[in-house]
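The next block holds one structure in the form of structure tokens; read it before the comments.
The values are calculated or read from the model by the stated rules, or taken from the named source; none is laboratory data. None of the values given here were measured: they were computed from a predicted structure. Virtual Cβ from ideal backbone geometry, glycine too; neighbours counted across all protein chains shown. SASA here: full protein model, heavy atoms, side chains in, ligands and nucleic acids out. Shrake-Rupley method; radii C 1.70, N 1.55, O 1.52, S 1.80 Å.
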Amino acid sequence: MVTISEVKTGTGAKDARTAAHTHIKSLGLRPDGTAEHVASGFVGQTAAREACGLIVDLIKAKKMSGRAVLLAGAPGTGKTALALAVSQELGAKVPFRPIVGSEVYSAEVKKTEALMENFRRAIGLRVRETKEVFEGEVTELTPEETENPLGGYGKSISQVVIGLRSYKGTKRLRVDPSVYETLQKERVAVGDIIYIEANTGAVKRVGRSDQYATEFDLEAEEYVPLPKGEVHKKKEIVQDVTLHDLDVANARPQGGQDVISMMSQLTKPKKTEITDKLRAEINKVVQKYIDQGVAELVPGVLFIDEVHMLDIECFTYLNRALESAISPIVILASNRGVATIKGTEVRSAHGVPPDLLGRLLIVPTLPYGIEDVETIIRIRAKTEGLDVDEPTLKKFAEKGMATSLRHALQLLTPAAMLAKVKGRDNKVRLEDLEECEDLFVDFRKSRDIVESNKANYLE
Ligand SMILES: Nc1ncnc2c1ncn2[C@@H]1O[C@H](COP(=O)(O)OP(=O)(O)OP(=O)(O)O)[C@@H](O)[C@H]1O
Ligand SMILES: [Mg+2]
């Protein structure tokens, strides 16, 4: 049997990558799809934003699967920012899988295999199941201890009594110690709303009862109302999983069917265990679920940043994968002009082979004018909690025009550090920027230095 479970895969490394874009909240479009010049942290680049808005609409209408888009433009023109805004517009229910072209190269996994995995991470499946559950607010949680049956001094838990309360009634359940373990892992406490699946004993914490909403909350806690109806009932459970989750869950079926045991297995991923045969099997079952109306396919987005890092083999694979019946929308980004395709001697626009180029929708991103650069730096400074006065801001913008937007933005942090050292806390002034200019150079300057001192460097 194919097990279905929700697996949250870690995103640690990705968070670091998106940190530079935290000021961007969405594409900043009006309801009619036109872009405001400055909205939601986005500045200018209006045509590309509108194009992305259209793509979001197409994705939501499920008219984009198997299609691919290329964001093409010079460095620092907002390609990565656009893709992240698209993911925000799509919401949490549509899978969005961002990778960088170079990520597919590793010693452990074949590159086409790595691509395939990412494809499947970008395809969602919404499964609706009616399950028999016990749902309510936890009123009691009492483990009953006994002498350890294996002897020794320790005690072991023989049973757990859980009290659950819903709108219409209360119930005391006596459950297996294994359920207690999952309760502890989900950090269930009295006052939480949970449900326990009757067949599997899987526990899901829904949130904190809103009766406790006046408590001070340290972190984002979700408050939910007391469940309606009886404690023991049939409930429609909607789960969003990706095909990759299914692959993982079924590659290691040992040990429980609940979310928790899947998660614990994930901590030691061994990618090699998922075979094509297993995937084909899963596809078959998924197709059956879809035909039965139990599940619905949610094609998401695979975003491949710096796509020119892929080689010809990957591109060929990509072409083929886009043809297959279940495929996500693929968004590519490249800052190359005419460049050599990796693994060949052929030169082609954006470092992408012509046959793939032919099937792409290409969205160009254009260089910014000085006003836009200034606005972007202003927004970024505000996001980082910095107070930059007007003359300094102007100078930053000029610097951005002379070098690149990216370089100017990068100077914000060291400039703020210098300001702090000089006891001005977060007040960045002209002298800090000037000092930074002496300390750091951009790539062009660095290239000039290298060229004028050729003799001193190693070949
Ligand atoms: N139109 C914009 N509005 C607000 N911020 C922007 C805009 N364009 C770019 N930025 C910000 O400028 C920085 C550089 O942009 P980004 O990383 O998106 O460029 P890119 O086109 O992906 O460049 P590269 O080709 O080097 O990857 C980021 O911090 C990004 O959030
Ligand atoms: Mg980028």
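From the residues in region 55-98 that are free of Cβ contacts under 8 Å to residues at least 60 places away in the same chain and open to solvent by less than 50 Å² (accessible area, probe 1.4 Å), which one is nearest to ligand 1 (Cβ to nearest atom)?
The extreme case among them is V56.
Within region 435-459, can you find the residues that are open to solvent by less than 90 Å² (accessible area, probe 1.4 Å), assigned to a helix (DSSP H, G or I) and in contact (Cβ under 8 Å) with a residue 24 or more places away in the chain?
C436, E437
Hey, does region 410-425 have a residue that's in contact (Cβ under 8 Å) with a residue 40 or more places away in the chain and either in a helix (DSSP H, G or I) or open to solvent by 40 Å² or more (accessible area, probe 1.4 Å) (or both)?
Looking for residues that are in contact (Cβ under 8 Å) with a residue 40 or more places away in the chain and either in a helix (DSSP H, G or I) or open to solvent by 40 Å² or more (accessible area, probe 1.4 Å) (or both), one finds none in region 410-425, hence no.
Quick one: R172 ticks every box in (1) modelled with pLDDT under 85; (2) part of a strand (DSSP E or B); (3) farther than 28 Å from K93 by Cα except a single one, so which number is it?
Going through (1) modelled with pLDDT under 85; (2) part of a strand (DSSP E or B); (3) farther than 28 Å from K93 by Cα one by one, R172 breaks only (1).
If we scan region 179-194, do we find a residue that is assigned by TED's automatic domain parsing to the domain that holds V224, in a strand (DSSP E or B) and touching a Ser or Thr at 6+ places or on another chain (Cβ under 9 Å)?
Within region 179-194, one or more residues are assigned by TED's automatic domain parsing to the domain that holds V224, in a strand (DSSP E or B) and touching a Ser or Thr at 6+ places or on another chain (Cβ under 9 Å).
Could you grab me the full set of residues in region 312-347 that are over 27 Å from E89 (Cβ atoms), crowded, with 18+ Cβ neighbours inside 10 Å and of a type outside the set (S, T, Y)?
The answer is C314, F315, I341.
Could you say which residue among G53, G73, G101 is within 16 Å of ligand 2 (Cβ to nearest atom) and under 23 Å from V373 (Cα atoms)?
On the way: G53 fails: within 16 Å of ligand 2 (Cβ to nearest atom); G101 fails: under 23 Å from V373 (Cα atoms).
The unique qualifying residue is G73.
Could you tell me whether T403 is farther than 22 Å from G423 by Cβ and away from ligand 1 (no atom under 11 Å from the Cβ)?
yes
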